[in-house]
Ligand SMILES: [Zn+2]
């Protein structure tokens, strides 16, 4: 792709983020690493939903403008990612509302509940709070980005990376979708996480397509699925209920179930 085509793609992704409600006002920023020392970045202080290619800023590795456009101060957060990850070609930062609400409520998206998200995006930790645009922002991100492709930023937004801009953008959409699912699941009751056995299987599946997913922390916290223990526990509960008079004796239950079958 030419530099001009990369600029056009940034405008298109800005429009998609805006239309999906993942940014509002002048929120968010998008960047691409063209080559070492040359980056494209969305300009500061304007909506990313209505950009034109000539608006896109060109910077050096320190974020200094190499042309007329000026990137946001949050470009430093993007540059921190590029320094840590030579495999990353693009970074998307947005303020997806459900995902950000999770951080206000202290709810983590790091739990492993959706197999496809785990394979494609890995686990999504929350970076510690840092004042937006402050020097603490890049520091909070660089601690985690070496091992993750998607992060929540406490009481601020989210950051996703990819080998190219489409991959980084897809992860941002998936991240907000994950937050929506977690929100709905929690409103229905307790959220069931994947078993340790299944996490191991998904890690292997991810490795087979060249993705390194580390769910070891959750695997160790999740006991293997044991149907025999569940059956044993159910039998003990049933016996205790019968002994305390809260359930009918076993012989009557058997008699009734035989009647139902007839
Ligand atoms: Zn922001």
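The values are calculated or read from the model by the stated rules, or taken from the named source; none is laboratory data. Values in this document were obtained by computation on a predicted structure and should not be read as measured data. Cβ: placed from backbone, ideal geometry, glycine included. Neighbour counts: every protein chain shown.
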In the range 219-238, what residues are modelled with pLDDT of 70 or more and surrounded by 13 or more Cβ atoms within 10 Å (Cβ to Cβ)? 238
Please tell me if residue 253 is surrounded by 11 or more Cβ atoms within 10 Å (Cβ to Cβ) and at pLDDT below 55. yes
Of the residues in the range 21-60, how many are assigned to a loop (DSSP other than H, G, I, E, B) and either in contact with a strand residue (DSSP E or B) (Cβ under 9 Å, 6 or more places away or on another chain) or within 12 Å of the ligand (Cβ to nearest atom) (or both)? 13
Could you check the range 50-69 and list, in sequence order, the residues that are surrounded by fewer than 17 Cβ atoms within 10 Å (Cβ to Cβ) and either under 18 Å from residue 138 (Cβ atoms) or in contact with a helix residue (DSSP H, G or I) (Cβ under 7 Å, 6 or more places away or on another chain) (or both)? 52, 53, 60, 61, 62, 64
Residues (free of Cβ contacts under 8 Å to residues at least 40 places away in the same chain and part of a helix (DSSP H, G or I)) located in the range 143-163: 143, 144
Collect the residues in the range 103-136 that are assigned to a helix (DSSP H, G or I) and within 16 Å of the ligand (Cβ to nearest atom), keeping them in residue-number order. 103, 104, 136
Only one of (1) under 11 Å from the mean Cα position of the chain (by Cα); (2) buried (at least 24 other Cβ atoms within 10 Å of the Cβ); (3) more than 16 Å from the ligand (Cβ to nearest atom) does not apply to residue 159, and that is (3)
Test each condition in (1) within 16 Å of the ligand (Cβ to nearest atom); (2) touching a residue at least 24 places away in the same chain (Cβ under 8 Å); (3) on the phi < 0 side of the Ramachandran plot for residue 140 and report the one that comes out false. (2)
Scan the range 76-85 and give yes if some residue there is without any contact (Cβ under 8 Å) to a residue 24 or more places away in the chain, in a helix (DSSP H, G or I) and more than 21 Å from residue 218 (Cα to Cα), otherwise no. no
Does residue 100 satisfy being touching a residue at least 24 places away in the same chain (Cβ under 8 Å), in the same structural domain as residue 14 (by TED's automatic domain parsing) and not in a helix (DSSP H, G or I)? no
If we ask which residues in the range 87-97 are surrounded by fewer than 24 Cβ atoms within 10 Å (Cβ to Cβ) and within 16 Å of the ligand (Cβ to nearest atom), their number turns out to be 2
Residue 177, sole failed condition from (1) within 18 Å of residue 18 (Cα to Cα); (2) within 16 Å of the ligand (Cβ to nearest atom): (2)
